[in-house]
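Undergrad: After the structure tokens below, expect a handful of questions from me.
The values are calculated or read from the model by the stated rules, or taken from the named source; none is laboratory data. What you see is a predicted model; the values in this text were computed from it and never measured. Neighbour counts run over all protein chains shown; Cβ positions are idealised from the backbone, glycine included. Surface accessibility is based on the protein's heavy atoms, side chains included, excluding ligands, DNA and RNA. Shrake-Rupley method; radii C 1.70, N 1.55, O 1.52, S 1.80 Å.
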Amino acid sequence: MGSENECDSPTTDDPPSAPPSGDAGGEEGKAIPFITLSFAADGKAQFAVTEEARAMLADISGPLSVISVVGMYRTGKSFLLNRILLGQTGGFPVGNTVNACTKGLWIWSKPLRAKAADGTPVNLLVIDTEGLGSLDASTQHDCSIFALALLVSSFFIYNSVGSISESAVENLSLVVNLTKFIRVSEADGGEEDGSQFASHFPKFLWVVRDFSLLLVDEKGRDISSKEYLDTALREIKGFSDKVVGKNRIRSMIRAFFQDRDCFPLVRPVEDESLLQDLCNQGEEVLRPEFAVQMKALRARVFSSANPKLIHG
């Protein structure tokens, strides 16, 4: 599908609100392991915050906003984090093989400077997550990663490639299992029904890479990216078990992520041969439309990074 991969060298393409450019191990920060995930003999997930991450977090004062990027493996999540959010090429580890590169959750070791929607300055923590659907990961493992990223975030980016097709929606079928992994109700006993999830879940932004469709409705009228997303999440007609299952995914996404939007990005370059080494290419090779969209996405994140709230 032409997702972007290897990133090694620094760039100077930084917006005013993004961090200064620097290499992955420079004084401006580096990617460090944040939360590791393992499973006990009884199948229960076990999470552990690394000592390096604990020490980093203990030194931060002031409001915190937390942005996580989640998506299927090998879809260019780390490119989005490094080039678009961090404003540099080196940063979170990436690769160009069929194997998942990131394991567990990783965090950038220096908080970035950002603002909440009301203009309040905040410390922005950036988190990369293990790609979903990798060859060596189970559904339980993916659900655990997905649920953990949701719970720690105030801004949740779901990264995919192509369009919000039926298969793209089905890739988010993990939402069906969230009631097994997250509990927010205070009553003891009984099953979690997810009815209170929306008040605890973060802002949801679906970033669609290599997008080539026109944003128009069935009558050819222009629509917004939000309307495009909501149209894709409408229930489909039918009563077969397969249709009921598809509509359950859609209804849960709508219910759990009430503050949701979509941000399409066109294919970054015309030359297919540049995709495998895109992070090392200068901005002059990027399609002008992609360069504009990249800066708009970065500005949007850094100007609406609301603080992470607990119980409120």
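Undergrad: In debye, nearest 20, what is the charge dipole magnitude of segment 229-287 about its Cα centre with +1 on Lys and Arg Cβ and -1 on Asp and Glu Cβ, if you could check? List each step's numbers first, then the result.
TA: Working: 10 positive and 11 negative charges, 163 e Å.
It comes to approximately 780 debye.
Undergrad: Using the structure shown, list the pairs from LYS30/LYS226; LYS110/LYS203; LYS115/LYS180; LYS103/LYS246 with a Cα-Cα distance above 32 Å, or answer none.
TA: Violating the 32 Å Cα-Cα cut-off are LYS30/LYS226; LYS115/LYS180.
Undergrad: What number comes out for accessible area per residue over the chain if the probe is 1.4 Å? Units Å², please.
TA: With all protein chains present, the chain gives 47 Å² per residue.
Undergrad: If you take the charge dipole of segment 254-300 about its Cα centre, with +1 on Lys and Arg Cβ and -1 on Asp and Glu Cβ, which of PRO268, ALA296, CYS279 is farthest toward its positive end?
TA: ALA296
Undergrad: OK, next. Among MET72, MET56, MET294, which one shows the biggest mean-square fluctuation in a GNM of the chain, springs joining Cα atoms closer than 10 Å?
TA: Answer for the Gaussian network model of the chain: MET56.
Undergrad: Given the options SER240, SER160, SER68, state which has the largest fluctuation in a GNM of the chain using a 10 Å cut-off (strictly under) for Cα springs.
TA: SER240
Undergrad: Using just the alpha carbons, could you tell me how many Å³ per residue the convex hull of segment 152-221 encloses?
TA: Details: hull volume 9.4 nm³, N = 70.
Enclosed volume per residue, from the Cα hull, is 135 Å³.
Undergrad: Continuing with this model, one more query. Per DSSP H run of n ≥ 4, the term is -39500 (n - 2.57); total these for the chain, divide by its residue number, and report the mean residue ellipticity at 222 nm rounded to 500 deg cm²/dmol.
TA: Calculated at 222 nm, the ellipticity per residue is -7000 deg cm²/dmol.
Undergrad: Most mobile of SER225, SER78, SER167 per a Gaussian network model of the chain (Cα springs, under 10 Å)?
TA: Residue with maximal mean-square fluctuation among SER225, SER78, SER167: SER167.
Undergrad: Let me ask something else about it. In segment 283-312, whose amide N lies under 11 Å from the spot 7 Å out along Cα-to-Cβ of LEU274? List them in ranges.
TA: Zone members listed by number: 283-291.
Undergrad: If you don't mind, there's one more thing I want to ask. Treating only the Cβ atoms of Lys and Arg (+1) and Asp and Glu (-1) as charged, compute the dipole magnitude of segment 146-248 about its Cα centre; round to the nearest 20 debye.
TA: With only Lys, Arg, Asp and Glu charged at Cβ, the dipole is about 240 debye.
Undergrad: What are the GluC sites (Glu not before Pro) within segment 213-312 that DSSP puts in a loop, where the Cβ has at most 10 other Cβ atoms within 10 Å? Before the final figure, lay out the partial values.
TA: On the way: sites: GLU218, GLU227, GLU235, GLU270, GLU272, GLU283, GLU284, GLU289; in loops: GLU218, GLU235, GLU270.
Filter output for segment 213-312: GLU218, GLU270.
Undergrad: Can you compute the charge dipole magnitude of the chain about its Cα centre, using +1 on each Lys and Arg Cβ and -1 on each Asp and Glu Cβ, nothing else charged? Give it in debye, rounded to the nearest 20.
TA: It comes to approximately 740 debye.
Undergrad: What nm value, rounded to one decimal, do you get for the distance between HIS200 and VAL292 when each label is placed 7 Å out toward the C-beta?
TA: Distance between label points: 4.2 nm.
Undergrad: If you restrict to DSSP beta bridges whose two residues both lie in the chain, what percentage is antiparallel, to the nearest 5?
TA: Bridges in the chain are about 40 percent antiparallel.
Undergrad: Could you calculate the contour length gain from ASP42 to LYS180, that is, 0.36 nm times the residue separation minus the distance between their Cα atoms, to one decimal place in nm? Spell out each step's value before the answer.
TA: On the way: separation 138, 0.36 × 138 = 49.68 nm, distance 1.53 nm.
Length gained between ASP42 and LYS180: 48.1 nm.
Undergrad: For the chain, compute the orientation-averaged projected area of the C-alpha convex hull (one quarter of its surface), in nm². Display every interim value, and only then the final one.
TA: Details: hull surface 71.0 nm².
It is 17.7 nm².
Undergrad: If you filter segment 30-133 for GluC sites (Glu not before Pro), then keep DSSP loop positions with at most 14 other Cβ within 10 Å, what is left?
TA: Those that pass, being in a loop and sparsely packed, number zero.
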